[in-house]
Every structure is written in structure tokens, then in C-alpha cells.
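Trainee: Have a look at the structure that comes next, please.
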Amino acid sequence: MCGIAGIAGRDGGAAEGRVKAMLDRLVHRGPDDEGIGVSEGATIGARRLAIIDLVHGNQPMPNEDGSVLAVQNGEIYNFLELKADLEQRGHRFTTHNDTEVLPHAYEEFGDDFVERLRGMFAIALWDKKRRRLLLARDRLGKKPLVYAEIPGGVAFASEIQALLTLGLDRGVDETAIAQYLCLGYVPPPRTGFESISSLSPGSFITFEAGRLSEQRRYWRLSYEPKLELSEPEALERLRVEVDEAVRVRLMSDVPLGAFLSGGLDSSAVVAFMAANSSDVRTFSIGFGESDFSELKYARLVAERFGTRHEEFIVEPSALEVLPRLVRHLGNPFADSSVIPTYYVAKVARERVTVALNGDGGDELFAGYDRYRAARVAYAFDAIPGPIRSLAGGLTDLLPQAPWVPRAIRRARRLGAMVRLPKDERYLALVGYFTARDGQFGELVQSRADPIGIFNSAVAEAQPTNDLERTLAIDTLTYLPGDLLVKMDIATMASSLEGRSPFLDHRLVEFVSHLPPRMKFRDGVSKYLLRTLMKGTLPDEILNRPKMGFGVPVGRWMRGPMRSLVEDALLGMPERPLVDRAAVRRLVEDHLSGRSDQTPRVWALLMLELWFRYVVEEGPSGTSAKPPYEVTSSRGRTLA
């Protein structure tokens, strides 16, 4: 695992100082070592977090004659198989590190080498003979890679903050800002900056002869053809696929553990880890507010498998961590669960260097509550439109104050859905600011074109039914744009490697080709996975409702964070697309308790912090004391 950066172009070979400056901003991603390779036409480098072959794994890695150099951020889990195949073809290796297979595989297979890789990766490869740079990203987008055209060449890095050391134009991309305000994240290939692009998942790009190519896809999600398997056959195949996906991710020369939320996905990962290892460490995090804490469920799983378990409580106490995370994120980002994810990574890093997680299970097996809500909304299609509109309008009369039970809040959202056209329904479930929010929302939605983004995902995956349509949208937009960004940034900010077995591309391809009834049946989500884990996991885990990794920021913003919210938003300067009068109304409604506007106020707060600490180059002291105390069940406080 590493942070990578480099420059290719006419003066690429004279860019060592600039690449060194970029790598200095990525030390958290690789605190163990640094390497820079200088060639005529390019300079590429990496900060290393040593995981495999601790002694000989420094990058860049060359082929035999040094004509190809490679750096990567990630892990290639099938590197031993690839290495054996390449040795039979005459290639010679000098280390036991997974990165070394990359220049040899490129030399042997050309650009198609990426299709042979199993893992998570962001790769930069310099071909000296052709004076050609290749950048590639893994299929699901687990590892980030951003790039920018510069005079006479191109620069790339693992994080936006590294590229900004080059003095790039910081003009913001207003379409990206609209997408953020609508979705809560900026989907690739855009970033918040006009001058910087993000490489899309499952894609590669090249720079040769002074020209940067278009992004090219080498992998696409697909739901066809359907596998003709009986339920027992599907269960056995799923058991084998999940077991292998977990087993290959136990490959490590350093201690590893797992994030354990107490949900089905992370609990299943821990169960398979325990089946493959006699010593499993687990880490959980919770909140003082009982309705946000899942610790009791995590304990059940830890006790069932005899893990060495540690748990921690997050309490708000100060405010500096948000600027730090905003700088690492580089884009505006509205998922507040990045805070507890950062802290569980921080405390896990005291014990281990690698942590497995349950990311991807919801997108594979239809785990989100919105899939159930979407099915209910589709059932209303048989009712005439005027009646649907009337019924939906009545739900607007339901209260939305913070004290309102979750069931009533869900009824309001369902009411908003049933009166919308089919293409708009998913947006009603996941959107922040949309056309239903008046002139401000109309402007945001028209600029963001979220329906166009969703339809592109559908066109790529070609789902054959409504459930798969929503799964495809989540897998190709929300997963790489939000969840995987959160996990990468939160873990790497703590110099911890996160691994996601459910996002093994072979497992994804298998589950995607299963019929929908094996994922959602009779109102039961994750049907096949629940059936597989029955008798292995406690019934309390299998039967509990979906909770999600929620954070009590709505309460915090009315309490210890109130002064920050008021300072940032009530006095908000002119920002692209933002209606300051609408912002003031939302903030005042939330702080007064008249209505619960948590997602929107939080999204606006994170946007303003992004402007202050990234766009406008706010305070750069990344060693600032973090603002949340993290206290273990034994009373230990982590600064």
C-alpha cells in the first residue's frame, strides 16, 4: 500500500523536486519509505506502507533491463500466480513483492495486463522506450488516482492535495459542485477543480507523444447471462467464493484485523476470517447515543468467534479534525460516517497495519432499505397518477422535527417517491438538494443532471429488472463516489490498509449474475447471504434491521458544533450555485429544532470547509490536535 505521484512530459526527467513535494503530502499513505525513479521524460515515485516483502518492496519497481518502471497503490492478490506464469515465459524477479509483477506483466501482455490483475490498485507505469505513461485503476474503484494536464505534460497522484503543490489553477468546476450538492459526492471523472480529473473505476489512460488519451474501460459490470443454479448450488458456490475472497486478503507480512460493526456484512467477513485463522483481531466504534451505537451486536460476533476485540466510543470535544479530513478528501464530501471510520482506523492502527471490512455487501445483495422502498413505490404504478399525487401530497403534512420517529420520516420520503416519474425515484431516496427544494434545488439538479449519471450506469450494466437497475446505479455511482472514497481516505489518513472481500471482482461477477430472487425475496434483503450464514452467525445479527453507520451530527450541530455551523454557514460568502438565503433558512430551521435538516446542513458545512481549507488554501497544519476524543471501554483516551 502506498501513495503515488509523478510527472511525465518534456521536462518530466527534471521534475524530481516537484514529485518529492507531492510525495511529502502523501506521507500518511506510506510512512515506511520513499522511492523516486527518474527517467528521461518522466519522474515517478511512491511513499510506502510496507505490507508484503518488508525488506525488498521499495518502489518504483523495474523490469530486468529497467526499460519499464511501475508504482502502485494497492495489493495484487494473485501476484504469485502471475509471477509463476511470467517466470515460465522467461522473466526474472528479484523480490517477493506484488508490485514487481506489474512491469513484467506489461512487458508481456501490453495494456491488457490490467485484466489479469486481481486486487485493488492504482497503477502508474512508465515505458522508457516508448516514452509512454499508463495510469490504471481497479475495477470497482477501491484505490483513487487523480491527474492533471500541465504545460508540456501530465501529473498524477493518489490525492488532490498532492497535485495542488504544483500550483495548479484552483478554479472550481461548477458542474461538480452541483453534483455534490445533489448527491453528496463528486462522481468521477470530475473533481471539484476544473484542472483536475479523477480516473474512473475499471479504466486506464495513457500519455504518449505529448497527448493524453481518453479514459478507456477494461471492465464493465454486467447482470447477464443469469446463472442457472439451484439454491443449494448457489449457496455452495457463494460459500466458496466468499471464503476465497477473504482468504486471499489475509496475505500479509504484518498484523491484520477487521472492522466489526455488528452488521451482517462485516460479521460474515469476521466469520470467514475465523475459519481461516486462529487469531483474529476486531475493532468496533460507537457513540454515547444508544440509537446510533451498534456495539452490543459487535460484541455478540466477537464472542461467537473468540476474537481479540476492542471497542471505542466517539464523543465530540473540539473541531480541528474536519479540516484535516477535508484536506485528505480533496473534494467536497458529505458522508459524515467518514468521522467514525477515521477513528476506528486510527485505533486499529495501534494494533494492526491491515483491516478487512464489509464494504460492498449492500450493493451486491440488495441490503439497503431503499431497495424495499423502491419496490413499494413501483407497486403504486398501477394506481392512476392523480391519486398517487394526492396520496403522496398527504405525507407532506407529516411532521419532520428531530423528535419524529424514523418510521414517519420514511413515510414522508415514500410519499415523495410515489408521485415521481420512475427515473426520479432513486434521486428522491438519495438526493440532498433536488428540484423539490424550490429554485435553489432546481438549479442544482439541472446543472448536476443526476438522472443522466444514473442512466449512464444503467446503460453500462444493462440490468433486466427494477431491482438490478437500482443495484447497478449504487454499484457504479454511490459505491465508488462515496463509500470507497470514505474507506480509502479514513484508513490511509491513519496509515492503515483497508481490504474489502465483498468487492473481489470474481465474487462481484458471480453474485451479479444470480437471479434477483436470491438477493431480495419476500421482503428479506440479502436473502442468499443470510441463508448462507444461518447457524454460523447469531440470530440477533441475521434478524436485526438495517442500521447503517450513522453519526449523531444532527444533535452535535445543535450542541457542541453549533458555533462552527453558525460561523461557517450563517455568514457564508458568495459560493457558486449556493443560495445564501435558502442556506440561512435551512440552518435556522435545523438549529431551532423546527425540522431535521441534518443531511443538507452537514453537506453545506462540508462544502464551506472545502472552500476554506482546500480551494482557498486555509491553515495547512495537518498535525493539529483532533477534535473528537475517542475513549475505549476501559476509559483510554486517544489524542
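The values are calculated or read from the model by the stated rules, or taken from the named source; none is laboratory data. Just so it is clear, the structure is predicted and the values come from calculations on it, not from any experiment. For neighbour counting, all protein chains shown are included, and Cβ atoms are generated from backbone atoms with ideal geometry for every residue, glycine included. Side chains included, ligands, DNA and RNA excluded: accessible areas come from the protein's heavy atoms. Shrake-Rupley method; radii C 1.70, N 1.55, O 1.52, S 1.80 Å.
Trainee: Does residue 84 satisfy being modelled with pLDDT under 95 and surrounded by fewer than 23 Cβ atoms within 10 Å (Cβ to Cβ)?
Mentor: Details: modelled with pLDDT under 95: no; surrounded by fewer than 23 Cβ atoms within 10 Å (Cβ to Cβ): yes.
The answer is no for residue 84.
Trainee: Tally time: how many residues in segment 205-224 are open to solvent by less than 20 Å² (accessible area, probe 1.4 Å) and touching a strand residue (DSSP E or B) at 6+ places or on another chain (Cβ under 6 Å)? Let's see the steps before the verdict.
Mentor: Restricting attention to segment 205-224, the residues satisfying the condition of being open to solvent by less than 20 Å² (accessible area, probe 1.4 Å) are 205-207, 221, 223.
Imposing the further condition that a residue be touching a strand residue (DSSP E or B) at 6+ places or on another chain (Cβ under 6 Å) reduces the set to 205-207.
Residues in segment 205-224 being open to solvent by less than 20 Å² (accessible area, probe 1.4 Å) and touching a strand residue (DSSP E or B) at 6+ places or on another chain (Cβ under 6 Å): 3 in total.
Trainee: Let me ask something additional. What is the residue count in segment 17-71 for residues that are part of a strand (DSSP E or B) and aliphatic (A, V, I, L, M)? Outline the logic, then answer.
Mentor: Keep residues of segment 17-71 that are part of a strand (DSSP E or B), which gives 31, 33-39, 42-48, 61-62, 68-71.
Keeping just the survivors that are aliphatic (A, V, I, L, M) gives 36, 38, 42, 44, 46, 61, 68-71.
Result for segment 17-71: 10.
Trainee: Right, something else. Being small (Gly, Ala, Ser), touching a strand residue (DSSP E or B) at 6+ places or on another chain (Cβ under 8 Å) and open to solvent by 30 Å² or more (accessible area, probe 1.4 Å) is the filter here, so list the residues in segment 235-280 that pass it. I'd like the intermediate steps shown before the answer.
Mentor: Residues of segment 235-280 that are small (Gly, Ala, Ser), as a first pass: 245, 252, 257-258, 261-263, 266-268, 271, 274-275, 277-278.
With the extra rule that they be touching a strand residue (DSSP E or B) at 6+ places or on another chain (Cβ under 8 Å), the set shrinks to 252, 257-258, 261-262, 266-268, 271.
Listed by number, the residues that qualify are 252, 261.
Trainee: Looking at segment 103-144 only, could you name the residues that are among the acidic types (Asp, Glu) and open to solvent by 10 Å² or more (accessible area, probe 1.4 Å)?
Mentor: Here is the first cut: in segment 103-144, the ones among the acidic types (Asp, Glu) are 107-108, 111-112, 115, 127, 138.
Listed by number, the residues that qualify are 107, 108, 111, 112, 115, 127.
Trainee: Another question, then. Kindly provide the set of residues from segment 506-537 that are farther than 18 Å from residue 268 by Cα, under 24 Å from the mean Cα position of the chain (by Cα) and part of a helix (DSSP H, G or I), ordered by number.
Mentor: Answer for segment 506-537, where residues must be farther than 18 Å from residue 268 by Cα, under 24 Å from the mean Cα position of the chain (by Cα) and part of a helix (DSSP H, G or I): 509, 512.
Trainee: Hey, could you check segment 334-355 for residues that are part of a loop (DSSP other than H, G, I, E, B) and open to solvent by 10 Å² or more (accessible area, probe 1.4 Å) and say which is nearest to residue 181 (Cα to Cα)? Walk me through how you get there before you give the answer.
Mentor: Taking segment 334-355 and keeping what is part of a loop (DSSP other than H, G, I, E, B), we get 334-337, 349-353.
Now restrict to residues that are open to solvent by 10 Å² or more (accessible area, probe 1.4 Å): 335-336, 349-351, 353.
On the way: 335: 12, 336: 14, 349: 33, 350: 36, 351: 38, 353: 35 Å.
Among residues in segment 334-355 that are part of a loop (DSSP other than H, G, I, E, B) and open to solvent by 10 Å² or more (accessible area, probe 1.4 Å), the one nearest to residue 181 (Cα to Cα) is 335.
Trainee: Among the listed residues 27, 38, 68, identify the single one that is in contact with a His (Cβ under 9 Å, 6 or more places away or on another chain) and not aromatic (Phe, Trp, Tyr). Steps first, answer last, please.
Mentor: Numbers: 27 fails: in contact with a His (Cβ under 9 Å, 6 or more places away or on another chain); 38 fails: in contact with a His (Cβ under 9 Å, 6 or more places away or on another chain).
Just one listed residue meets the conditions, 68.
Trainee: Scan (1) under 22 Å from residue 493 (Cα atoms); (2) over 24 Å from the mean Cα position of the chain (by Cα); (3) of a type outside the set (Gly, Ala, Ser) for the single condition residue 169 breaks and write down its number.
Mentor: Every condition holds for residue 169 apart from (1).
Trainee: Right, here's the next one. Could you grab the pairs with beta carbons closer than 8 Å, sequence gap of 6+ or different chains, first residue in segment 528-539 and within 13 Å of residue 242 (Cβ to Cβ) and at pLDDT below 95, second one crowded, with 17+ Cβ neighbours inside 10 Å and not β-branched (Val, Ile, Thr)?
Mentor: Between residues of segment 528-539 that are within 13 Å of residue 242 (Cβ to Cβ) and at pLDDT below 95 and residues that are crowded, with 17+ Cβ neighbours inside 10 Å and not β-branched (Val, Ile, Thr), there is no close pair.
Trainee: Quick check, is residue 498 of a type in the set (Gly, Ala, Ser), in a helix (DSSP H, G or I) and touching a residue at least 60 places away in the same chain (Cβ under 8 Å)?
Mentor: Details: of a type in the set (Gly, Ala, Ser): yes; in a helix (DSSP H, G or I): no; touching a residue at least 60 places away in the same chain (Cβ under 8 Å): yes.
So residue 498 does not fit the description; no.
Trainee: Select, from 484, 429, 479, the only residue that is within 21 Å of residue 333 (Cβ to Cβ), open to solvent by 20 Å² or more (accessible area, probe 1.4 Å) and part of a helix (DSSP H, G or I). Steps first, please.
Mentor: Numbers: 484 fails: open to solvent by 20 Å² or more (accessible area, probe 1.4 Å); 479 fails: open to solvent by 20 Å² or more (accessible area, probe 1.4 Å).
Step by step, each of 484, 429, 479 is checked, and only 429 is within 21 Å of residue 333 (Cβ to Cβ), open to solvent by 20 Å² or more (accessible area, probe 1.4 Å) and part of a helix (DSSP H, G or I).
Trainee: Something else now. Considering 487, 518, which residue is touching a residue at least 24 places away in the same chain (Cβ under 8 Å), among the hydrophobic types (A, V, I, L, M, F, W, C) and closer than 17 Å to residue 371 by Cα?
Mentor: On the way: 487 fails: closer than 17 Å to residue 371 by Cα.
The conditions single out 518.
Trainee: Additional query: Looking only at segment 158-204, count every residue that is surrounded by fewer than 21 Cβ atoms within 10 Å (Cβ to Cβ), farther than 23 Å from residue 18 by Cβ and of a type in the set (Gly, Ala, Ser) and tell me the total.
Mentor: 1
Trainee: Same structure again: On the basis of being more than 30 Å from residue 457 (Cα to Cα), open to solvent by less than 10 Å² (accessible area, probe 1.4 Å) and modelled with pLDDT under 95, does residue 57 make the cut?
Mentor: Numbers: more than 30 Å from residue 457 (Cα to Cα): yes; open to solvent by less than 10 Å² (accessible area, probe 1.4 Å): yes; modelled with pLDDT under 95: yes.
The answer is yes for residue 57.
Trainee: Exactly one condition in (1) in contact with a strand residue (DSSP E or B) (Cβ under 9 Å, 6 or more places away or on another chain); (2) more than 29 Å from residue 485 (Cα to Cα); (3) not basic (Lys, Arg) is false for residue 91; which is it?
Mentor: (1)
Trainee: Would you confirm whether any residue within segment 1-22 is surrounded by 23 or more Cβ atoms within 10 Å (Cβ to Cβ), among the hydrophobic types (A, V, I, L, M, F, W, C) and more than 19 Å from residue 199 (Cβ to Cβ)?
Mentor: yes
Trainee: Give segment 584-600 a look and list any residue that's crowded, with 22+ Cβ neighbours inside 10 Å and either in contact with a strand residue (DSSP E or B) (Cβ under 6 Å, 6 or more places away or on another chain) or β-branched (Val, Ile, Thr) (or both), or say none.
Mentor: Once the filter is applied, which keeps residues that are crowded, with 22+ Cβ neighbours inside 10 Å and either in contact with a strand residue (DSSP E or B) (Cβ under 6 Å, 6 or more places away or on another chain) or β-branched (Val, Ile, Thr) (or both), segment 584-600 yields only 587.
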